[in-house]
Amino acid sequence: MTIQINTDKNIEGNERFTEYFTSLIEDKLSRYDKITRIELHLSDENGSRDGHPDKRCLIEARLEGKQPIAVTNIADTNEQAVEGALNKLKTSLDTALGKMKNY
């Protein structure tokens, strides 16, 4: 599984940041062997202005031979946004892979 992490100009995506979210993704999605690629996009909706929730996480999972699955979550922190999006993605993957087994 290839993992790509993208941030907007308002979020500093340093090496430690990337390593943390890469290991989180690998841990949460390790049981899904049909995933070939994960793209994570983090953005700060309000930029430097105050306002909550304003961290947006979009995760796109690409499955072998299938259309990509994308989910979005908005939360107060980057960690909460990613965790919420990963939970939504796991639910979507379970549904999609469950349907594939029935055919």
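The values are calculated or read from the model by the stated rules, or taken from the named source; none is laboratory data. Just so you know, these numbers come straight off a predicted model, no measurement behind them. FYI the Cβ positions are ideal-geometry reconstructions off the backbone, even for glycines, and counts take in every protein chain you see.
Numbers for the structure displayed
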{"quantity": "Counted residues, segment 44-82 - those being modelled with pLDDT under 90 and crowded, with 16+ Cβ neighbours inside 10 Å", "calculated": "1"}
{"quantity": "Scope segment 7-34; condition touching a strand residue (DSSP E or B) at 6+ places or on another chain (Cβ under 6 Å) and either loosely packed, with under 11 Cβ neighbours inside 10 Å or modelled with pLDDT under 95 (or both); matching residues", "calculated": "THR7, ASP8, ASN10, ILE11, GLY13, THR18, LYS34"}
{"quantity": "Leading residue by the ranking (nearest to GLU60 (Cα to Cα)) among those in segment 73-89 that are charged (D, E, K, R) and more than 10 Å from the chain's Cα centre (by Cα)", "calculated": "GLU79"}
{"quantity": "Residues being among the charged types (D, E, K, R) and under 10 Å from the mean Cα position of the chain (by Cα) - total across segment 11-55", "calculated": "1"}
{"quantity": "Set ALA61, ALA81: member being out of contact with any Phe, Trp or Tyr (no Cβ under 7 Å at 6 or more places or on another chain), of a type in the set (Gly, Ala, Ser) and more than 23 Å from MET100 (Cα to Cα)", "calculated": "ALA81"}
